Amino acid sequence: MVTMETKPAVKPNQPTMENGPYLEKFEQFEKSAKGPAWVLAARKAGISHFTELGFPTLQDEDWRFTNVAPIAKLPFKPVLEPTRDGFTAKELGQFTFAGLAGSKLVFVNGHFAPKLSSVAELPDGVKVMSLGAALASDTALVEKHLFRHARADTNAFTALNTAFFQDGAFIHLPAGKIVAEPIQLLYVSTANENGTTAHPRNLIVAEQGSQVTVIESFVSLSDAAYFTNSVTELVAGDNAVVEHLKFQDESQQAFHLATVAAHFDRASNVVTHSIALGAKLSRTNIYATLAGEGLECILNGLYLTRGEQLADHYMIVEHAQPHGASHEYFNGILADKSKGVFHGRILVRPGAQKTDAKQTNKNLLLSDDATANTKPQLEIYADDVKCTHGATIGQLDDEAIFYLRARGIALEKARRMLIHAFAGEIIDRVRCEPLREELNKVVWDRLEQNEQVTVNR
Amino acid sequence: MTQPILAIQNLSAGVEGRQILKGINLVIRPGEVHAVMGPNGSGKSTLASILAGRDGYNITGGEVIYCGKDLLELDPEERAREGLFLAFQYPVEIPGVNSTYFLKAAYNEIRRHRGQPELDAMEFLTFVKERMKILNVPEDFLKRPVNHGFSGGEKKRNEIFQMAVLEPKLAILDETDSGLDIDALKIVALGVNKLKRPDNAQLVITHYQRLLNFIVPDFVHVLYDGRIVRSGGKELALELEEKGYELIVHRAAVPA
Ligand SMILES: Nc1ncnc2c1ncn2[C@@H]1O[C@H](COP(=O)(O)OP(=O)(O)OP(=O)(O)O)[C@@H](O)[C@H]1O
Ligand SMILES: [Mg+2]
């Protein structure tokens, strides 16, 4: 089924927050901010966009189901200096993916932690380093891409990140280079005050024909209502093969906002996954621009929520050239009073013929109090395209449960099998095997902790 | 005389506002093969479903004794572990559940129930491969999610394959023959026959006498509007094929 919906032209004009603390903090920070002049200019533009835009409200079409007022109400405490908590590499062992081989960059409250990081041997010319360092050593390369994909003028959170970011990862693969082992970016929050805010900023560039796997993992050692506001710009050149996985396992009190702005060139093959397990409120924006012909991308995601968690995924997939395929698969498993939101917009530009765009969002409600909101949006300006979307919100399939029971499998186990299977559909799309195995384990554990499994019977 | 595997006495059942089974009587003893035939909507699948324990039906009368136990008191999984197996008329697709994993879980549930040690992954694989050979089942059945993306015929074959693995005491085959091509039909029937033992039994629901050339029944029953209106030997199936239900039923209504 194809429905057309156009974006409302009017944007409610409503700064609900006091601009004061943000602007004030920026003016202080600006004095000490290091880096090239063009970065400072971008920061200034960022803060002015932010003051103009203000935090989105429920009146904003793109934020209808997710109320960010609790974030606006937090005291704003950007972490402007590296934290001297002195926790050790050993403590990182508790986090998912800890055992994974390959390079690992660790960021504590948005600042690079060199002592906790390790870079494996890399092919000639491949860069895996902190963005802060790259701004000094590889300015031209960074300038070519940074700020060009994530738009600060339309997204208040990207604007805020651009103004305040301290550090993040810079990954660059020259043409044809292959990094076999996954590169892990670990963001740890150690905040002990509410409103502590980290703004990780990452730039990942895989030039023509290169291949890489990158994990962004957000975890915490904190119980505070801290705020992570991250932005990643991801560029896949012609024929590049990229697997990108964002793993969000923040504390249950945390607020998590993330934007992945991706640009794909001709015949590239990119799969980006978003796994959301933690945070009180999380929102992941994925903006994918299919800028070249004949490319293929998969946007794949899984969210598990319980208690009063809210997990929101918002994406815009823009087909700008012919013969592009995009496939979005998002599954949510929602327990207790939690809420899942999916908003997927497919935009097919004039001339992007033979586009093959597919979107599915499936939600499994494990409780009568859980809610799922799903909103597909197709905007198609080419005539020879195939666009489909489907959304389901439901409980476990009674027929399937009976089938399993009729083979001797107990009700409780049958239900668990089906819930795991529902998550497994998404996890199975992770290509990197050690990554997939780790994910299987952690998702399995989380589902087992769920006491809500029997509620619908 | 040996204890029957299944004894259905005057079973009446229906769904809200509608009586479907109107007093079924049927006794199945070890070593026997029974065929049930009957027009669309006569209640064949309802009977099979009630025996397997699907909920949603009201049992309004009668009883079902399975190997000396009150069958209707048992949960579906308990029935399965006690050796009752239903080959579904419409097998369910379960995306995301790997067939090997599923079948091993089912098999080990039954073993545990019998007080036998569970098989580990390797042992199970050896065992299951041998079963696959009997039924000529392609290897990839095991690798795919349960019934997911299977063709109609493949699903039916998969049911019989599961039956071969689980080795039930009473197998109920609900139109396993429909949707099978002639070669598959022969393979399935051959498999069913190979699994036949003096201590187990089969209840075969079908529309076609063709199947009964391969699986030769000891008894044929005609289910019509919720009742078994006639029972006989295998020749009854031929008679049905020839005359159709109306005539047979008519004759039954007027006892000779
Ligand atoms: N859950 C239900 N709700 C309502 N009606 C039902 C239900 N289950 C069965 N029926 C009705 O009961 C009757 C018997 O159905 P059943 O599936 O048992 O027939 P059948 O003999 O297996 O037919 P077929 O040969 O077409 O498979 C049908 O009229 C059917 O519509
Ligand atoms: Mg039927």
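For the range A:415-435, what are the residues that are more than 8 Å from chain B (Cβ to nearest Cβ), part of a helix (DSSP H, G or I) and over 18 Å from residue A:328 (Cα atoms)?
Answer for the range A:415-435, where residues must be more than 8 Å from chain B (Cβ to nearest Cβ), part of a helix (DSSP H, G or I) and over 18 Å from residue A:328 (Cα atoms): A:415, A:416, A:419, A:433, A:434, A:435.
What's the total number of residues in the range A:256-271 that are open to solvent by less than 10 Å² (accessible area, probe 1.4 Å) and not in a loop (DSSP other than H, G, I, E, B)?
10
Out of all the residues in the range B:59-72, which are open to solvent by less than 40 Å² (accessible area, probe 1.4 Å) and not in a strand (DSSP E or B)?
Correct list: B:67, B:71.
Can you pull out the residues in the range B:16-53 that are surrounded by fewer than 17 Cβ atoms within 10 Å (Cβ to Cβ) and either within 9 Å of ligand 1 (Cβ to nearest atom) or polar (S, T, N, Q) (or both)?
Residues satisfying the conditions are B:16, B:17, B:18, B:19, B:25, B:39, B:40, B:41.
Report, by residue number, each residue of the range A:183-209 that is under 17 Å from the mean Cα position of the chain (by Cα) and not in a strand (DSSP E or B).
Answer for the range A:183-209, where residues must be under 17 Å from the mean Cα position of the chain (by Cα) and not in a strand (DSSP E or B): A:199, A:200.
So, of the residues in the range A:310-321 that are free of Cβ contacts under 8 Å to residues at least 60 places away in the same chain and open to solvent by 10 Å² or more (accessible area, probe 1.4 Å), which turns out to be nearest to residue A:359 (Cα to Cα)?
Among those residues, the one meeting the criterion is A:316.
Filter the range B:101-121 for residues that are in contact with a Phe, Trp or Tyr (Cβ under 9 Å, 6 or more places away or on another chain) and crowded, with 17+ Cβ neighbours inside 10 Å and give the result.
B:103, B:104, B:107, B:108, listed by residue number.
Consider residue B:56 carefully, then state whether it is open to solvent by 20 Å² or more (accessible area, probe 1.4 Å), within 14 Å of another protein chain (Cβ to nearest Cβ) and within 16 Å of ligand 2 (Cβ to nearest atom).
Here the answer is yes, as residue B:56 does meet what is asked.
Considering only the range B:77-93, I want to know if a residue exists there that is within 15 Å of ligand 1 (Cβ to nearest atom), aromatic (Phe, Trp, Tyr) and open to solvent by 50 Å² or more (accessible area, probe 1.4 Å).
yes
Name every residue in the range A:391-406 that is at the interface with another protein chain (Cβ under 7 Å from one of its Cβ atoms) and surrounded by fewer than 18 Cβ atoms within 10 Å (Cβ to Cβ), in order of residue number.
A:399
Does any residue of the range B:162-169 turn out to be in a helix (DSSP H, G or I), within 16 Å of ligand 1 (Cβ to nearest atom), open to solvent by less than 20 Å² (accessible area, probe 1.4 Å) and touching a Leu at 6+ places or on another chain (Cβ under 7 Å)?
The answer is no; no qualifying residue exists.
Only one of these is more than 19 Å from residue A:303 (Cβ to Cβ) and at pLDDT below 95: A:386, A:413. Name it.
Step by step, each of A:386, A:413 is checked, and only A:413 is more than 19 Å from residue A:303 (Cβ to Cβ) and at pLDDT below 95.
Table: residues versus (1) open to solvent by 10 Å² or more (accessible area, probe 1.4 Å); (2) under 30 Å from residue B:108 (Cβ atoms); (3) modelled with pLDDT under 95; (4) not assigned by TED's automatic domain parsing to the domain that holds residue A:283.
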| position | (1), (2), (3), (4) |
| --- | --- |
| A:303 | no, no, no, no |
| A:323 | yes, no, no, no |
| A:328 | no, no, no, no |
| A:348 | no, no, no, no |
| A:353 | yes, no, no, no |
| A:372 | yes, no, no, no |
| A:408 | no, yes, no, yes |
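With the structure loaded, tell me whether residue B:45 is within 14 Å of chain A (Cβ to nearest Cβ), within 16 Å of ligand 2 (Cβ to nearest atom) and among the small types (Gly, Ala, Ser) or whether it fails that test.
Against the criterion (within 14 Å of chain A (Cβ to nearest Cβ), within 16 Å of ligand 2 (Cβ to nearest atom) and among the small types (Gly, Ala, Ser)), residue B:45 qualifies.
If we scan the range B:206-218, do we find a residue that is more than 15 Å from ligand 1 (Cβ to nearest atom), under 29 Å from residue B:151 (Cβ atoms), open to solvent by 80 Å² or more (accessible area, probe 1.4 Å) and polar (S, T, N, Q)?
Looking through the range B:206-218, at least one residue is more than 15 Å from ligand 1 (Cβ to nearest atom), under 29 Å from residue B:151 (Cβ atoms), open to solvent by 80 Å² or more (accessible area, probe 1.4 Å) and polar (S, T, N, Q).
Considering only the range A:98-109, I want to know if a residue exists there that is under 30 Å from residue A:446 (Cβ atoms), without any contact (Cβ under 8 Å) to a residue 12 or more places away in the chain and either open to solvent by 40 Å² or more (accessible area, probe 1.4 Å) or not in a strand (DSSP E or B) (or both).
Yes.
Per-residue answers, yes or no, for (1) touching a Gly at 6+ places or on another chain (Cβ under 7 Å); (2) more than 18 Å from residue A:262 (Cβ to Cβ); (3) open to solvent by less than 40 Å² (accessible area, probe 1.4 Å):
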| position | (1), (2), (3) |
| --- | --- |
| A:130 | no, yes, yes |
| A:134 | no, yes, yes |
| A:152 | yes, no, yes |
| A:157 | no, no, yes |
| A:164 | no, yes, yes |
| A:167 | yes, yes, yes |
| A:170 | no, no, yes |
| A:173 | no, no, yes |
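Cβ-Cβ distance below 6 Å, separation of 6 or more or different chains: which pairs start in the range B:70-82 with a residue that is more than 13 Å from residue B:108 (Cα to Cα) and at the interface with another protein chain (Cβ under 7 Å from one of its Cβ atoms) and end on one that is modelled with pLDDT of 95 or more and assigned to a loop (DSSP other than H, G, I, E, B)?
That search, which allows pairs on different chains as well, returns B:76/A:406; B:76/B:53.
Return the residue satisfying two criteria in turn: it lies in the range A:412-446 and is farther than 28 Å from residue A:270 by Cβ and not β-branched (Val, Ile, Thr), and of such residues it is surrounded by the fewest Cβ atoms within 10 Å (Cβ to Cβ).
The selected residue is A:445.
Criterion first (under 30 Å from residue B:165 (Cβ atoms) and of a type outside the set (A, V, I, L, M)) does residue A:437 satisfy it?
Here the answer is yes, as residue A:437 does meet what is asked.
Just to be sure I understand, how many residues within the range B:170-205 are within 16 Å of ligand 1 (Cβ to nearest atom), more than 14 Å from every other protein chain (Cβ to nearest Cβ) and closer than 18 Å to residue B:136 by Cβ?
4
Only one of these conditions is not met by residue A:307: (1) surrounded by fewer than 24 Cβ atoms within 10 Å (Cβ to Cβ); (2) over 20 Å from residue A:426 (Cα atoms); (3) in contact with a strand residue (DSSP E or B) (Cβ under 8 Å, 6 or more places away or on another chain). Which number is it?
(3)
Anything in the range B:84-98 that is within 9 Å of chain A (Cβ to nearest Cβ) and not in a strand (DSSP E or B)? List them, or say none.
Selection gives B:88, B:90, B:91, B:92, B:93.
Hey, any hits in the range A:68-84 for a residue that's free of Cβ contacts under 8 Å to residues at least 24 places away in the same chain, open to solvent by 30 Å² or more (accessible area, probe 1.4 Å) and under 25 Å from residue A:180 (Cα atoms)?
No, because not a single residue in the range A:68-84 is free of Cβ contacts under 8 Å to residues at least 24 places away in the same chain, open to solvent by 30 Å² or more (accessible area, probe 1.4 Å) and under 25 Å from residue A:180 (Cα atoms).
For the range B:122-142, which positions are closer than 15 Å to residue B:160 by Cα, open to solvent by 30 Å² or more (accessible area, probe 1.4 Å) and among the aliphatic types (A, V, I, L, M)?
Listed by number, the list holds a single entry, B:134.
For residue B:199, only one of the following conditions fails: (1) at pLDDT 95 or above; (2) acidic (Asp, Glu); (3) closer than 30 Å to residue B:244 by Cα; (4) open to solvent by 10 Å² or more (accessible area, probe 1.4 Å). What is its number?
Among (1) at pLDDT 95 or above; (2) acidic (Asp, Glu); (3) closer than 30 Å to residue B:244 by Cα; (4) open to solvent by 10 Å² or more (accessible area, probe 1.4 Å), residue B:199 violates only (3).
The values are calculated or read from the model by the stated rules, or taken from the named source; none is laboratory data. Note that the structure is predicted; figures quoted are calculated from it, not measured. Methodologically, a virtual Cβ is constructed for each residue, glycine included, from the backbone with ideal geometry; neighbour enumeration extends over all protein chains shown. Accessible surface areas use protein heavy atoms only, side chains included; no ligands, DNA or RNA. Shrake-Rupley method; radii C 1.70, N 1.55, O 1.52, S 1.80 Å.
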